[in-house]
Amino acid sequence: KIFIITSGEYMAIHAAANIATAIDNFKDRGYASLGGVILNKRNVKNEEEKVNEFIENIDSKLVGTLDRDEIVVVAEDKKTVLEAFPESLMAKEYEVLADNLLKACGYKVSEGNLEKLNNKKVKSDNKDESNDTKKEEAKC
């Protein structure tokens, strides 16, 4: 399966649409299919609406959402976010995304990962309600 990562920026959606078209053109060959879309937020105006419209247009689904967070820039100097800030909300977003990708590819999520998902929900309760809704959507 192929997963398209995009933001709500015009050129990112345009590129994502081209990739989706290429995947659709080759689907009859049987070696690749579209698994879904990942929203990598850039905090542009109406970003979620734009990406959701794109997803509808290509008849796909949202597999996960990654917030824009300065912690990624800080971590990537030497480590991954999971290595540098394992207890951060951003690390949990990556873990949720990884589980969603595994589910979309037909793998069963392990008990340990289910526990992490549950802990993620508890920790995200401190964020505003709109972010909680988004996190629930990302869990498939």
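The values are calculated or read from the model by the stated rules, or taken from the named source; none is laboratory data. Nothing here was measured: the structure is a model prediction, and the numbers come from that model. Note that each Cβ is placed from the backbone with ideal geometry, even for glycine, and that neighbours are counted across all protein chains shown. What goes into the accessible areas is simple: the full protein's heavy atoms, side chains included, and nothing from ligands, DNA or RNA. Shrake-Rupley method; radii C 1.70, N 1.55, O 1.52, S 1.80 Å.
A quick yes/no check of all residues on (1) among the charged types (D, E, K, R); (2) closer than 23 Å to Ile4 by Cβ; (3) modelled with pLDDT of 90 or more:
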| site | (1), (2), (3) |
| --- | --- |
| Glu83 | yes, no, yes |
| Lys92 | yes, yes, yes |
| Leu102 | no, yes, yes |
| Ser110 | no, no, no |
- [ ] Select from region 88-108 the residues that are open to solvent by 60 Å² or more (accessible area, probe 1.4 Å) and under 18 Å from Val73 (Cβ atoms) and list them in ascending order.
- [x] Tyr94
- [ ] Those residues that are part of a helix (DSSP H, G or I), of a type in the set (Gly, Ala, Ser) and touching a Leu at 6+ places or on another chain (Cβ under 7 Å), I need them from region 1-39; list them, please.
- [x] Ala20
Task: Residue list for region 41-82, filter: of a type in the set (D, E, K, R), open to solvent by 80 Å² or more (accessible area, probe 1.4 Å) and assigned to a loop (DSSP other than H, G, I, E, B) - done: Arg42, Lys45, Asp59, Lys61, Arg68, Glu76, Asp77, Lys78, Lys79
Task: Selection within region 2-48 - among the polar types (S, T, N, Q) and closer than 17 Å to Lys61 by Cα - done: Thr6, Ser7, Asn18, Thr21, Ser33, Asn40
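Quick one: which of Glu47, Glu83 is acidic (Asp, Glu) and under 21 Å from Met11 (Cα atoms)? Talk me through it step by step, then tell me what you get.
On the way: Glu83 fails: under 21 Å from Met11 (Cα atoms).
After applying the criteria, what remains is Glu47.
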Task: So Glu53, is it of a type outside the set (Lys, Arg), more than 24 Å from Leu102 (Cα to Cα) and in contact with a Leu (Cβ under 8 Å, 6 or more places away or on another chain) - done: no
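Determine which member of the set Ile38, Ile5 is open to solvent by 80 Å² or more (accessible area, probe 1.4 Å), within 16 Å of the chain's Cα centre (by Cα) and closer than 20 Å to Asp67 by Cα.
On inspection, the qualifying residue turns out to be Ile5.
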